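Take a look at the structure below.
The values are calculated or read from the model by the stated rules, or taken from the named source; none is laboratory data. What you see is a predicted model, and the numbers here were worked out from it, not measured in a lab. Positions of Cβ are backbone-derived with ideal geometry, glycine not excepted, and every protein chain shown enters the neighbour counts. Calculation scope for accessible area: heavy atoms of the full protein, side chains included, ligands and nucleic acids excluded. Shrake-Rupley method; radii C 1.70, N 1.55, O 1.52, S 1.80 Å.
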Amino acid sequence: MKILLYNPDNGVTRNFMPHLWMFLLQALTPPGHEVLLVDGNARAMNEEELVRFVREEGIGLVGIGAMTRMVAKAYRMADAVRAAGVPVVMGGPHVTEMPDEALGRDGGTRHADAVALGEADETWPQIVADAARGELKDVYQPEVDAKGNDRKPSLQSYPSIPWETLDLDQFNLVPRVARPLLERMGSGWGTFHLVPIETGRGCPYGCEFCTVTGFFGDSIRFRTNESVVDELLRLKARARRERGQIAVFFIDDNLAINIKRTKSLLRDIIKANAQLPWVAQISANLLRDEELVDLISESGGQWIFIGMESIDPANMADVNKNFSKPGEYGAVLNRLAQRNIYAITSFIFGMDNDTSGVAERTVKEINSWPPGLPVFGQLTPFPATPLYDRLAKAGRLARPKHWMDFAPFWMAHTPLKMTIQEARDETDSAWRTSYSPERNAEAIEAIKDAPFRYRLSHIISRMFFRGIYFPQMNKRAWAKLVFQNRKPILSLTWEAIGMWRSSRKNKLEPQDEKAAVMDQREAA
Ligand code: B12
Ligand code: SF4
């Protein structure tokens, strides 16, 4: 049977990074089946195009995964595929939390023939076998333990995702126009892929707004160091072979949740010379450890994503995230910056203690820290989270099924001390000021003593991160952006040209010397 795994586009950004679930399920598919992957973020398709693709390829089963914010689109695509007579199985966090919605058991339209609840590593082979026999069940659920909880797959025997041979062309982040030139220059930048790797699953912290503790559980499971190192080595070999760049996103919710194990993993990466530039999520409280930060630096860590959420401790207490202390954020970021590691700092507006002016206060504080990449979202009640239940009980949900009419940056409940419109304005102001051309130039100036590649990575990342909020999906938007930020871009370009010239000169010098010796000999 031919299977298509499809992830709908998020409607905001393009092919930032492939979704791991697709590659993982592809690797877990029993032999005898062919699995094709389409990520709508990299290869946009509407309903008709997807159905045409399914027909032309002779697909017998379509698997669709989606986060809550993409689920309405996922349902539309699923409806079109089912109407064409091809069965659809859906999985991922949203349908796990709302299986009745996907199956039409809540009185609405049925969107999926089957849903896979929770982690599907062990149920996927069964789903494929049942689909091949035309006997899909409605619900696939992992085995449960004595307490009735899902038995979580151990990650000790983790499948080997064949990154070294997979066709990753749809995820190449180097703009198509620049590829031929960069390849000709032999710059090693003909391709650039950001590849997701998980080293563990689960988080015990239970922040009120987060689905992770409910979905993956509070006990943490890890892959072996060997299997992670092996995956990195294979990726590194691929980057060398195709003369491109590969960076890794360790998608664990908190890479350092068990500091002892993290240190041992990072030491093994260093020992095996398996370093690739990497990004990971680590909470601020765990970055107090100097030795850990040294190991992060030595093992290739470049950017750390920190869920800072708010600079107001009262807000942190409200969402059960007291373990993260706003008072120490500055020190943590300085500790990282001393090693040329910078942070993606994530903030949430519209918390219950937020008032008008929260953006200005937050941005002022951020600007007192080493420059990073701040991102601003709004408190969102995802289904099956303690936050959702609390707001529902208090009758505060303005749009209880907000995912069915998804509206980016428009809250689904009213915060206590501001209106939904005010929360929107605060979010807008935070993005605008944090990514203005002036702020971008200041940020690069603030790290003027850092080596060139860090400053280059910083300005490029700033351009892309701005796109999380401001639509910049076409060439015109990009040209305008580059023009507005021409000051730091031009200065870095001149510096790069200078470096390229002197490296050429250095390469030429030995030959020049040889030529001079020949000349002298001839003259003699
Ligand atoms: C990496 C990641 C991202 C990446 C993007 C995704 C990518 N390209 O990988 C980035 C950093 C961009 C991101 C952004 C956001 N993310 Co995010 N992200 C994650 C993270 C940390 C890892 C995802 C992952 O790969 N997990 C590992 C894989 C193996 O697990 P999985 O995807 O759940 O898949 C398993 C099962 O669900 C199932 N499955 C999944 N799909 C399917 C499909 C089928 C057919 C089947 C059978 C099974 C199946 O099988 C898999 C194996 O068991 C998760 C948290 C987590 N630990 O999962 C949050 C998470 C998915 N993100 C979340 C959120 C909220 C966001 C944001 C909205 C945050 C924000 N406010 O901006 C944005 C939205 C981005 C956008 N514009 O689309 C929530 C989603 C909650 C929900 N109910 O939707 C999560 C769960 C985290 C949380 N705090 O609750 N995210
Ligand atoms: S927000 Fe992060 S730390 Fe909190 S429960 Fe979710 S994954 Fe864990």
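For the reader, a short list of remarks on this structure follows.
- For region 441-468, a residue qualifies if it is under 22 Å from SER429 (Cα atoms), open to solvent by less than 40 Å² (accessible area, probe 1.4 Å), out of contact with any His (no Cβ under 9 Å at 6 or more places or on another chain) and not aromatic (Phe, Trp, Tyr), and the qualifying residues are ALA441, HIS458, ILE459, SER461, ARG462, MET463, GLY467.
- Scan region 212-237 for residues that are of a type in the set (Lys, Arg) and either within 11 Å of ligand 1 (Cβ to nearest atom) or open to solvent by less than 20 Å² (accessible area, probe 1.4 Å) (or both) and the total you get is 1.
- The residue that is modelled with the lowest pLDDT, counting only those in region 173-206 that are aromatic (Phe, Trp, Tyr) and more than 16 Å from ligand 2 (Cβ to nearest atom), is TRP189.
- The test for being within 16 Å of ligand 2 (Cβ to nearest atom) and in contact with a His (Cβ under 6 Å, 6 or more places away or on another chain) does not hold for THR96.
- With respect to (1) over 30 Å from SER491 (Cβ atoms); (2) away from ligand 1 (no atom under 16 Å from the Cβ); (3) in a loop (DSSP other than H, G, I, E, B); (4) open to solvent by 50 Å² or more (accessible area, probe 1.4 Å), the lone exception for PHE382 is condition (2).
- Verdict on ARG243 being within 22 Å of PHE16 (Cα to Cα) and surrounded by fewer than 19 Cβ atoms within 10 Å (Cβ to Cβ): yes
- The single condition among (1) surrounded by fewer than 18 Cβ atoms within 10 Å (Cβ to Cβ); (2) over 30 Å from PHE382 (Cα atoms) that PRO204 does not meet is (2).
- From the list ASP113, ASP145, the lone residue that is buried (at least 17 other Cβ atoms within 10 Å of the Cβ) and either within 16 Å of ligand 2 (Cβ to nearest atom) or among the acidic types (Asp, Glu) (or both) is ASP113.
- Residue under evaluation GLY377, criteria (1) out of contact with any His (no Cβ under 8 Å at 6 or more places or on another chain); (2) of a type outside the set (Val, Ile, Thr); (3) more than 19 Å from ILE311 (Cβ to Cβ), criterion not met: (3)
- Residue check for LEU103: closer than 17 Å to ILE127 by Cβ, crowded, with 21+ Cβ neighbours inside 10 Å and touching a Lys or Arg at 6+ places or on another chain (Cβ under 9 Å): no
- Of the residues screened, ILE127 is not one that is over 17 Å from GLY214 (Cβ atoms), in a strand (DSSP E or B) and of a type in the set (A, V, I, L, M).
- Residues of region 252-272 satisfying the condition of being part of a loop (DSSP other than H, G, I, E, B) and more than 16 Å from ligand 2 (Cβ to nearest atom): ALA272
Yes/no matrix, rows are residues, columns are (1) open to solvent by less than 50 Å² (accessible area, probe 1.4 Å); (2) on the phi > 0 side of the Ramachandran plot:
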position: ARG267; (1), (2): no, no
position: ALA274; (1), (2): yes, no
position: GLU309; (1), (2): yes, yes
position: SER324; (1), (2): yes, no
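- Flag: PHE209 matches the condition of being in a loop (DSSP other than H, G, I, E, B), buried (at least 18 other Cβ atoms within 10 Å of the Cβ), among the hydrophobic types (A, V, I, L, M, F, W, C) and within 16 Å of ligand 2 (Cβ to nearest atom).
- Just so you know, in region 48-74 the residues that are of a type in the set (Val, Ile, Thr) and within 9 Å of ligand 1 (Cβ to nearest atom) include one that is surrounded by the fewest Cβ atoms within 10 Å (Cβ to Cβ), and it is THR68.
- Of everything listed in (1) within 16 Å of ligand 1 (Cβ to nearest atom); (2) open to solvent by less than 30 Å² (accessible area, probe 1.4 Å); (3) within 21 Å of the chain's Cα centre (by Cα), the single unmet condition for MET316 is (3).
- Flag if PRO99 is in contact with a strand residue (DSSP E or B) (Cβ under 7 Å, 6 or more places away or on another chain) and in contact (Cβ under 8 Å) with a residue 40 or more places away in the chain: yes
- Test: residue in region 288-304 that is open to solvent by less than 40 Å² (accessible area, probe 1.4 Å), more than 29 Å from PRO153 (Cβ to Cβ), part of a helix (DSSP H, G or I) and more than 14 Å from ligand 1 (Cβ to nearest atom): yes
- Filtering LEU173, LEU194, LEU155 for residues that are away from ligand 1 (no atom under 12 Å from the Cβ), in contact with a strand residue (DSSP E or B) (Cβ under 6 Å, 6 or more places away or on another chain) and not in a helix (DSSP H, G or I) leaves a single hit, LEU173.
- Take the conditions (1) closer than 19 Å to VAL375 by Cα; (2) of a type in the set (Val, Ile, Thr); (3) open to solvent by less than 30 Å² (accessible area, probe 1.4 Å); THR433 misses just one of them, which is (3).
- Residue within region 335-347 that is aliphatic (A, V, I, L, M), part of a strand (DSSP E or B), open to solvent by less than 20 Å² (accessible area, probe 1.4 Å) and under 27 Å from HIS94 (Cα atoms) present: yes
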